[in-house]
Amino acid sequence: MELLSNLALGAQVAFQADALLFCFIGVTLGTLIGALPGIGPLAAISVCLPLTFGMEPTVALIMLAGIFYGAQYGGSIASILLNLPGTPSTAITALDGYPMAQKGRAGLALFINAFASFCGSSISILLLMFFAPFIAAIALKFHSTEYFAIMLLGLVSAATLSGGAPVKSLIMVLFGLLLGVVGLDSNSGTARFTLGFLELSDGLSLIPVAMGLFGVAEVLMKMEAARKSDASPAKVERVRLADLIPERSILRKLVAPILRGASVGAVIGALPGAGPTVASLMAYSFEKQTNKAGDKFGTGEPAGVAAPEAANNAAVQTAFIPTLGLGIPGDVVMAVLLGAMMMHGIVPGPRFIPTEPEVFWGLVISFWLGNVMLLMLTLPMIGVFVRLLSVPASILLPIIVFFICMGSYSVANNPFDIYVTLFFGVLGYFLVKSGFSPAPVLLGFVLGPLVEDNLRRTMTIARGDATVFLDRPIALVLLIMTALVVLLPIGRAVMKMLAERRAGRDGDAGSKSVLMQPVPDSEQ
């Protein structure tokens, strides 16, 4: 009964005319800005924050939150159609979404994106309603030891993110780790790998690196393909909504990836410092390990789109749990939202839900309404999005480069970030041409600093005693999972080698038995 009364209180707030209006404005802006490569929700929220000073605190928070999770919907549009992630958390969607578009299944990929995003958000909202105190309590139990273990699991799993040799993926992970430690050491203040550039003292920013590796590199690949081919742009047929709905067999296969992705995203999103980017990367890696079609990931597998999309949208919703319940922002965007709440007189923390129930439950109901609005907004526009494929490269590619450079510049209003983007674009181009995937680089870059900081903190607290990982059950379980991720592929390779040798011996024995048979008199 208490839950029903809380939902009724939230409905009274969320269904007000101004709350509905600004919720729609927020999700629309988020979708449009998310679809532009390199802009992202952080820049959008920062620009729109001064516009909320005259609003009611709850309405302002509803609009800013709508921009946040709306950007996750829109960010996948450019990833699927052009292999250009609108936001860093949607970069992993391009691994299977873009091959689907190249195979003429762009409409289906966009439908799966919208459907999985809605399902992931809905599952996460249910968790937010029923288990917010419980999930917040679990998050409180995660100390530096557990954070190191779960980040290490993500790094080891990164070797499975792309097809091809795991050794190449491991090299890319290590390269991402090196990129992550560029800048001043947080403990000693020593400059590391800055190469004399003062602009690198604060390290490399995620958006210029991601836009270069995935955006500019893809533009260079398209320019090379356009130069070698004189073919005109593909003629895109009119897309009907009825043609986009997957067959029942495909829908049944998507249920498990969506549930697994939403589960991973909900847990990762509730951990302070993780965020939707880490959630989507780890969900994709986990899905590739568990899905029967995991060996087809990277070639246009629908599950490779559904799992990370369900994860990043689920993570966006549960990211409000540590922010609202603990006063600890989950990522940079949540830090901006935390500052916005404080500007409006809202103080997040353990006492937030009991003292501000109308704000919390009004926000929860607005999540439902906003995701329904997004579903109604994106599905009718899928045909328009697909028609982007018919735009000539001579028109589309310069526009893309412009938005990429503008997005990189908007991070810190620093022209140096544009040069960083172009550098990593050229580097990403040569990596792809050499058979290396840039996806593990991104995961190593994101998780590298977190792994280093939490390992240092753990060793400092334990005074250098590494057995501290064995004394904490959660960390021990995560380390065992990491060992399994390493050992299982090795075990499969050994079993395959033994089977091939056994088959070879059987074949040799069979040929010998044939040779040893007596020759019939008729053939002598």
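Which one is surrounded by the most Cβ atoms within 10 Å (Cβ to Cβ), of the residues in segment 429-451 that are part of a helix (DSSP H, G or I) and modelled with pLDDT of 85 or more? Per the stated criteria, the residue is 429.
For segment 342-374, the set of residues classified as part of a helix (DSSP H, G or I) and of a type in the set (Val, Ile, Thr) consists of 353, 355, 359, 364, 365, 372, listed by residue number.
Kindly provide the set of residues from segment 192-226 that are touching a strand residue (DSSP E or B) at 6+ places or on another chain (Cβ under 8 Å) and part of a helix (DSSP H, G or I), ordered by number. If the condition is that a residue be touching a strand residue (DSSP E or B) at 6+ places or on another chain (Cβ under 8 Å) and part of a helix (DSSP H, G or I), then 200 is the only one that fits. If the condition is being part of a loop (DSSP other than H, G, I, E, B) and open to solvent by 60 Å² or more (accessible area, probe 1.4 Å), then segment 410-428 contributes 413, 415.
Restricting to segment 131-161, and then to whatever is among the small types (Gly, Ala, Ser) and surrounded by fewer than 21 Cβ atoms within 10 Å (Cβ to Cβ), can you tell me which residue is modelled with the highest pLDDT? Among those that are among the small types (Gly, Ala, Ser) and surrounded by fewer than 21 Cβ atoms within 10 Å (Cβ to Cβ), it is 144.
Per-residue answers, yes or no, for (1) touching a Pro at 6+ places or on another chain (Cβ under 9 Å); (2) among the charged types (D, E, K, R); (3) open to solvent by 50 Å² or more (accessible area, probe 1.4 Å):
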| position | (1), (2), (3) |
| --- | --- |
| 175 | yes, no, yes |
| 179 | no, no, no |
| 182 | no, no, no |
| 187 | no, no, yes |
| 192 | no, yes, yes |
| 198 | no, no, yes |
| 202 | no, yes, yes |
| 205 | no, no, no |
| 210 | yes, no, no |
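In segment 288-320, the residue that is nearest to residue 364 (Cα to Cα) out of those that are among the β-branched types (Val, Ile, Thr) and open to solvent by less than 10 Å² (accessible area, probe 1.4 Å) is 318. Within segment 1-22, being open to solvent by less than 40 Å² (accessible area, probe 1.4 Å) and more than 21 Å from residue 127 (Cα to Cα) holds for one residue alone: 19.
For first residues located in segment 274-294 and over 16 Å from residue 150 (Cβ atoms), partners that are among the acidic types (Asp, Glu) and part of a helix (DSSP H, G or I) and lie 6+ apart or on another chain with Cβ distances below 8 Å form the pairs 294/287.
Condition first: of a type outside the set (Lys, Arg), touching a residue at least 24 places away in the same chain (Cβ under 8 Å), over 27 Å from residue 209 (Cβ atoms) and open to solvent by less than 10 Å² (accessible area, probe 1.4 Å). Can you find one or more residues in segment 66-80 that meet it? Looking through segment 66-80, at least one residue is of a type outside the set (Lys, Arg), touching a residue at least 24 places away in the same chain (Cβ under 8 Å), over 27 Å from residue 209 (Cβ atoms) and open to solvent by less than 10 Å² (accessible area, probe 1.4 Å). Restricting attention to segment 259-312, the residues being farther than 19 Å from residue 101 by Cα, outside any helix (DSSP H, G or I) and of a type in the set (D, E, K, R) number 1.
Just one of the listed residues (116, 225) is under 27 Å from residue 433 (Cβ atoms) and either open to solvent by less than 30 Å² (accessible area, probe 1.4 Å) or at pLDDT 70 or above (or both), and it is 225.
For residues that are in a helix (DSSP H, G or I) and either within 10 Å of residue 145 (Cβ to Cβ) or at pLDDT 85 or above (or both), tally how many sit in segment 471-502. Number satisfying all stated conditions: 8. Applying a threshold of 6 Å to beta carbon distances and a minimum spacing of six or more residues, or different chains, the list of pairs starting in segment 360-383 at a residue that is under 19 Å from residue 29 (Cβ atoms) and ending at one that is open to solvent by less than 20 Å² (accessible area, probe 1.4 Å) and of a type in the set (Ser, Thr, Tyr) reads 371/121; 374/73; 378/73.
The values are calculated or read from the model by the stated rules, or taken from the named source; none is laboratory data. Treat the numbers as computed from the prediction; the structure is a model and nothing was measured. Positions of Cβ are generated from backbone atoms using ideal geometry, with glycine treated the same way; all protein chains shown enter the neighbour counts. For the accessible areas, the whole protein counts, side chains as well, though only heavy atoms, and no ligand, DNA or RNA atoms are used. Shrake-Rupley method; radii C 1.70, N 1.55, O 1.52, S 1.80 Å.
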